[in-house]
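The values are calculated or read from the model by the stated rules, or taken from the named source; none is laboratory data. Note that the structure is predicted; figures quoted are calculated from it, not measured. Cβ placement follows ideal geometry from the backbone for every residue including glycine, while neighbour counts extend to all protein chains displayed. Calculation scope for accessible area: heavy atoms of the full protein, side chains included, ligands and nucleic acids excluded. Shrake-Rupley method; radii C 1.70, N 1.55, O 1.52, S 1.80 Å.
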Amino acid sequence: NGKVAKRELRPFFDSDEIDHYYVNYTLKNVLDFIDKDRTSKRNKEFSDLFMGYYPNSIPKKDFVKTLLSYGYKKSKLTIRQQKEVENVFSAKDSLQMSAYACVAEYRDIFIFKKKKKTIGIAKICFKCGRFQIVGSKLETEGFGLWSDLKKLHNIVRPNEKKP
């Protein structure tokens, strides 16, 4: 009997809704924008959002409004796509052991919600494989295998070639 039992994946978030936001800026566009006024609080926030570690926890203010104010657009994910995204953002036995040599370009941001309340945020750079996940009670360091990122890219941008 050659059947193998499939192990249940443990999702990073106990969510009932997943929203995906995307922006199509280049790193040069972003750096040109930031260079116009490096002292601006808004430019610093955008720089930290697109390339840095903002947010490093679930924001108290409406994070969606922040994303929209910087030009991020919401994708319409089907229930099936949301389930596929949840499966990618799950604890696995494998370890991701990459080093990064680029500046992250977080064009893709996922917001995990439970009863309309944000419980988790994941920022992904498909170009170099960097990610930032906040709000998960599970260990997320093993996330980011290229196979998982390719699968995630194909879910949210199926008609676009992966960078």
Q. Which order do 139, 160 take when ranked by solvent-accessible area (1.4 Å probe, heavy atoms of all protein chains), largest first?
A. 139, 160
Q) Can you list, bin by bin at 5 Å, the percent of alpha carbon pairs in the chain, starting at 0? A) 1, 8, 17, 22, 21, 15, 8, 4, 2, 1, 1, 0, 0, 0
(Q) Need the list of aspartates and glutamates near residue 116 for cross-linking: C-alpha distance under 12 angstrom, and skip anything on the same chain fewer than eight residues off. (A) 16, 17, 19, 62
Q. Taking a spot 7 Å from the Cα of residue 114 along the direction of its beta carbon, which residues of the range 60-92 have an amide N less than 20 Å from it?
A. 60-64, 82-92
**Q.** Computed magnitude of the charge dipole of the chain (debye, nearest 20; Cβ of K, R +1, Cβ of D, E -1)
**A.** 400 debye
Q) Stretched out fully, how many nm does the piece from residue 56 to residue 160 gain, at 0.36 nm a residue minus the Cα gap? A) 34.5 nm
**Q.** Per residue solvent-accessible surface (Å²) - the range 115-163, probe of 1.4 Å
**A.** 56 Å²
Q: Please go through the residue pairs 44/74; 76/161; 36/114; 76/127 and name each one whose alpha carbons sit more than 31 Å apart in this structure.
A: 36/114
